[in-house]
Amino acid sequence: MITLYDCATAPSPRRARLLLAAKGIAHDTVEIDLRSGEQLSESYRQINPQCTVPALRTEEGAVLTDNAAITAYLEARYPQVPMLGVTPQDKAEIASWQWRIEFEGLMPIAEVLRNTSPAMVDRALPGPVNYAQIPALAERGLARLQHFFVVLNDRLAGRDYIAASQLSLADLTAVVAVDFARIAKVKPDERHPHLLRWRAAMAQKPFLC
Ligand SMILES: N[C@@H](CCC(=O)N[C@@H](CS)C(=O)NCC(=O)O)C(=O)O
């Protein structure tokens, strides 16, 4: 059985959780308590020396230590339901949007949260090394995040899905980004009608968790 090292409140492991659910893959869960710093413990370092969640132990026993590896593995090992596209063109489009959502959405959210939260002083980046907060990055992150909502809304005009014409990893990553943006007090509103419609449709998907 696959084991997911998870944290129920964190966005990155939610990405892996959604992918497992969309593909209908049964798995065990081990909850890592990020609030108490369990990711930095000696025992978790043995599992993932990068001290981050998600990590995924495959049925064969290999440990995959980030979403990129987890996605590549799950898509290859469980090709149904395809989430990275089927045709070359669709694969390219999904990869492009996946990258944009990570860079233009998830990264700005992290910039805001990690450079403002009193709980993250000297933890401005995840991982085993401590880095000081840079308040200006939070300011820039907020501006980027607000722009990202406009980009996503424009993209979704007349579309059911973000990339290709199928549900894909890009939609899952975007759900995680849009939902977690609330920590920066950014939420879709009447300025983002297409984004609101798409998010409401995503909420109907049986796997959404
Ligand atoms: N590249 C990683 C990033 C994972 C990541 O940043 N996870 C955060 C939770 S959302 C984490 O483990 N944080 C630990 C910390 O802040 O010390 C991935 O997407 O798999």
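Each reported figure results from applying straightforward, stated rules to the coordinates on display, with no laboratory input. On a predicted model such as this, the values are computed, not experimentally measured, just so you know. Heads up, the Cβs are rebuilt from the backbone with ideal geometry, glycines too, and the neighbour counts pull from every protein chain shown.
May I ask you to work out the translational diffusion coefficient for the chain at 37 °C, viscosity 0.692 mPa s, via Stokes-Einstein with Rh from the Kirkwood sum over Cα pairs, reported in whole µm²/s? Estimated diffusion coefficient is 184 µm²/s. Segment 14-60 and segment 118-178 have their alpha-carbon centroids 21 Å apart. Assuming charge only on the beta carbon of Lys and Arg (+1) and of Asp and Glu (-1), the dipole of the chain about its Cα centre is about 460 debye to the nearest 20. Remark: spin-label model distance A143-T29 equals 3.9 nm, labels positioned 7 Å along the Cα→Cβ axis. The phi-based Karplus calculation (6.51 cos²θ - 1.76 cosθ + 1.60; θ = phi - 60°) puts the 3J(HN,Hα) values of segment 117-128 at 5, x, 6, 10, 4, 6, 10, 6, 10, x, x, x Hz, whole numbers, x for Gly and Pro. Here's the picture: charge each Lys and Arg Cβ at +1 and each Asp and Glu Cβ at -1 in the chain, and of L152, V121, Y73 the one pushed furthest to the positive end of that dipole is L152. In order along segment 36-52, the Karplus-derived 3J(HN,Hα) couplings, from 6.51 cos²θ - 1.76 cosθ + 1.60 at θ = phi - 60°, round to 8, x, 4, 5, 9, 5, 4, 5, 6, 4, 5, 7, 9, x, 7, 6, 10 Hz, and Gly and Pro are given as x. If the chain linking A69 and D189 were pulled fully straight, counting 0.36 nm for each residue of separation and taking away their Cα-Cα distance, it would gain 39.8 nm.
Compared with the direct C-alpha span, the chain from A92 to Q80 gains 2.5 nm at full extension, assuming 0.36 nm per residue. A convex hull fitted around the alpha carbon atoms of segment 2-77 yields 78 Å³ per residue. Remark: relative contact order (the chain) = 20 percent; criterion is Cα-Cα distance under 8 angstrom and separation of 6 or more residues. Close lysine pairs were tallied over the chain: pairs 8 or more places apart or on different chains with Cα atoms under 23 Å apart number 4. If you run the Gaussian network model on the chain, springs between alpha carbon atoms under 10 Å, then out of P79, P126, P88 the most flexible one is P88.
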